[in-house]
Amino acid sequence: QVQLHESGGRLVQAGGSLSLSCAASGHKFSTYTMGWFRRAPGKERELVVFITWNGDGVFYSTAVKGRTIISRDNTENTLTLQMNSLKPEDTAVYYCAADSAPLGGWSVYEYDYWGQGTQVTVSS
């Protein structure tokens with residue numbers, strides 16, 4: 001199993017950018033699909049983007065496609081989320097997650113391990 005820890009969340013103005021990081025411990029990290037999810041107050045947790053173990057499959061949600069870039073470094077056991085052109089609708093707690101037995105990667109229920117979350121607030 002792995003331990004996950006997100007960082008980088010902060011207050012940012014609409015149109016701005018920020019980068020979130022996820023540090024992972026555990027030697028199985030490189031075999032897992034990794035995803036970023038977010039949850040706004042009163043809403044269900046939803047997928048932002050996921051990336052397969054070798055990085056050859058990257059799938060973004062419609063809401064963030066074109067504004068967001070995910071990357072992973074399996075040597076350093078890190079996952080990043082670069083977000084640009086931020087909108088107030090992006091305000092949420094962002095989580096990184098690991099899926100040890102991916103069916104596809106789209107469903108929140110597939111993921112086995114979760115970080116504690118980091119708050120992103122986008123002001124209008």
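The calculated FRET efficiency for the pair Arg39 and Arg67, based on their C-beta separation and a Förster distance of 25 Å, comes to about 0.85. Please report the net charge: other residues with Cβ closer than 11 Å to the Cβ of Trp53, K and R +1, D and E -1. Residues near Trp53 contribute 0 overall. Its relative contact order, with pairs defined as Cα atoms under 8 Å and 6+ residues apart, puts the chain at 36 percent.
Bridging of Lys65 to lysines at a Cα separation below 27 Å is possible for Lys43, Lys87, once same-chain residues fewer than 8 apart are set aside. Taking all Cα pairs closer than 8 Å and separated by 6 or more residues, the relative contact order of the stretch 1-45 comes to 37 percent. What a 1.4 Å probe finds exposed on the chain is 50% carbon and sulfur by accessible area, rounded to a whole percent.
For the chain, the Kirkwood hydrodynamic radius comes to 14.2 Å, computed from all pairs of different C-alpha atoms.
The values are calculated or read from the model by the stated rules, or taken from the named source; none is laboratory data. Please read all numbers here as calculations on a predicted model, not as lab measurements. Neighbour counts are summed over all protein chains in view; Cβ atoms, including those assigned to glycine, are modelled from backbone coordinates with ideal geometry. Surface areas here come from the heavy atoms of the whole protein model, side chains and all, with no ligands, DNA or RNA. Shrake-Rupley method; radii C 1.70, N 1.55, O 1.52, S 1.80 Å.
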